[in-house]
1. Of all residues in the stretch 77-105 being aliphatic (A, V, I, L, M) and open to solvent by 40 Å² or more (accessible area, probe 1.4 Å), which is farthest from Ala263 (Cα to Cα)?
2. Identify, from the list Leu257, Leu253, the residue that is open to solvent by 10 Å² or more (accessible area, probe 1.4 Å), on the phi < 0 side of the Ramachandran plot and in contact with a helix residue (DSSP H, G or I) (Cβ under 6 Å, 6 or more places away or on another chain).
3. Can you tell me which residue within the stretch 106-126, out of those that are away from ligand 1 (no atom under 16 Å from the Cβ) and open to solvent by less than 10 Å² (accessible area, probe 1.4 Å), is farthest from Thr330 (Cα to Cα)?
4. Could you please find all residues in the stretch 265-287 being in contact with a Ser or Thr (Cβ under 9 Å, 6 or more places away or on another chain) and within 26 Å of Asp211 (Cα to Cα)?
5. For the stretch 210-219, indicate whether the set of residues that are within 30 Å of Gly112 (Cβ to Cβ), part of a helix (DSSP H, G or I) and within 16 Å of ligand 2 (Cβ to nearest atom) is non-empty.
6. So which residues in the stretch 32-63 are of a type outside the set (Asp, Glu), touching a residue at least 24 places away in the same chain (Cβ under 8 Å) and surrounded by fewer than 17 Cβ atoms within 10 Å (Cβ to Cβ), if there are any at all?
7. What number goes with the only condition from (1) of a type outside the set (Phe, Trp, Tyr); (2) farther than 26 Å from Gly22 by Cα; (3) in contact (Cβ under 8 Å) with a residue 24 or more places away in the chain that Ser232 does not pass?
8. All but one of (1) assigned to a helix (DSSP H, G or I); (2) open to solvent by less than 10 Å² (accessible area, probe 1.4 Å); (3) touching a strand residue (DSSP E or B) at 6+ places or on another chain (Cβ under 8 Å) hold for Gly74; which doesn't?
Amino acid sequence: MRTHKIAAIGADGIGPEVIAAGLEVLTALANKDGGFRLEVEHFPWSSAYYLEHGHYIPEGGLERLKQFDAIFFGAVGSQQVPDHVSLWGLRLPIAQGFDQYANVRPARVLPGVKSPLTNGEDIDWVIIRENSEGEYSGNGGRAHRGLPIEVGTEVAVFTRAGVERIHRFAFELARKRPAKHLTLVTKSNAQRFGMVMWDEIFYEVARDYPDVRTDRELVDAVTTRMVLKPKSLDVLVATNLHADILSDLAAALSGSLGIAPTANLNPERQFPSMFEPIHGSAFDITGKGVANPIATFWTASMMLEHLGETAAAQTLMRAVEAVTASKVHTPDLGGKANTADVTRAVCDYIGNAAPQA
Ligand code: IPM
Ligand code: MG
């Protein structure tokens, strides 16, 4: 029996609700003779914890997390704490501290879900987000606070090592998909240093992947292409901020932010990787039991894949698709179901599915 150690951090807003739902379906999969078991430890780190203790991650916290095979993360962000404090207090120290430089964001319209596009079924993308540097490097400062001469800088940092490894990761992933097509997203027309280097290194790496078709698109132009010609895209590689923006657009075009998953990967596996739904805290629906757990289920499937539990990962995606097709939808998808209804439907499907292994 394979054992996987999972650190669960529900954190803020609807995070704990969707993580609880995610753990329910994971348990259903493990019980369904998946050949594996999960050893889950819950970490209470959140904005409420911060307000009480003065920190999100206690001393030695990252060391403890290091012993896990994966981190299952809900959402961070609270109305009581400035966003940049919560983000830099919890999620970024994990992502950067564990060198989770490859952020993978698939997007497609699940069965039974309505895209705002008439040709939404053409969406089948994976956005690869550089997740360790660029515009989120944390390099900047403020001086002369409050004075008319006040200055604030936010320096995007691109390193050859950082750029090369994300492009290589994107090529490796593109190579495994049927279309074998990778789009370089850039802004090297206006940003003539880091972005030009970003492009140059892409084409250097491309030489090692003659089987992958490439093209290049400016980040502003790629938004129109996503809307007007979704079929013309497959895998996209973009900087930290560019991909952040594109992935929200991708989620909306796929029908809802409530279904979009993410993996923050340390591909070398020197550290645990972190899996989280994209949607964030969602204060407006927190505590109402109506959060869409589908993003978390899809995320859980990515986590299983990463842990080597391919059969269970596939069963989970089949269950998710069967449930979205049967219109058991939460309000963000126009339905009346709540989190528990969707979770139960997915667990029932898993329970009735053919044995996995
Ligand atoms: C995301 C989110 C975060 C980001 C926020 C919460 C800072 O939007 O994961 O896409 O920008 O990285
Ligand atoms: Mg975002």
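1. Val85
2. The match here is Leu257.
3. Ile123
4. Passing the criteria: Leu265, Asn266, Pro267.
5. No, the stretch 210-219 contains no residue that is within 30 Å of Gly112 (Cβ to Cβ), part of a helix (DSSP H, G or I) and within 16 Å of ligand 2 (Cβ to nearest atom).
6. Selection gives Gly35, Arg37, Val40, His42, Ala48, Leu51, His55, Leu62.
7. All conditions pass for Ser232, except number (3).
8. Looking at each condition in turn, Gly74 falls short on (1).
The values are calculated or read from the model by the stated rules, or taken from the named source; none is laboratory data. It should be emphasised that the depicted structure is a prediction, and the values quoted were computed from it without experimental measurement. All Cβ positions, glycine included, derive from the backbone under ideal geometry; neighbour counts span all protein chains shown. We work out accessible area using only protein heavy atoms, side chains counted, and drop any ligands, DNA or RNA first. Shrake-Rupley method; radii C 1.70, N 1.55, O 1.52, S 1.80 Å.
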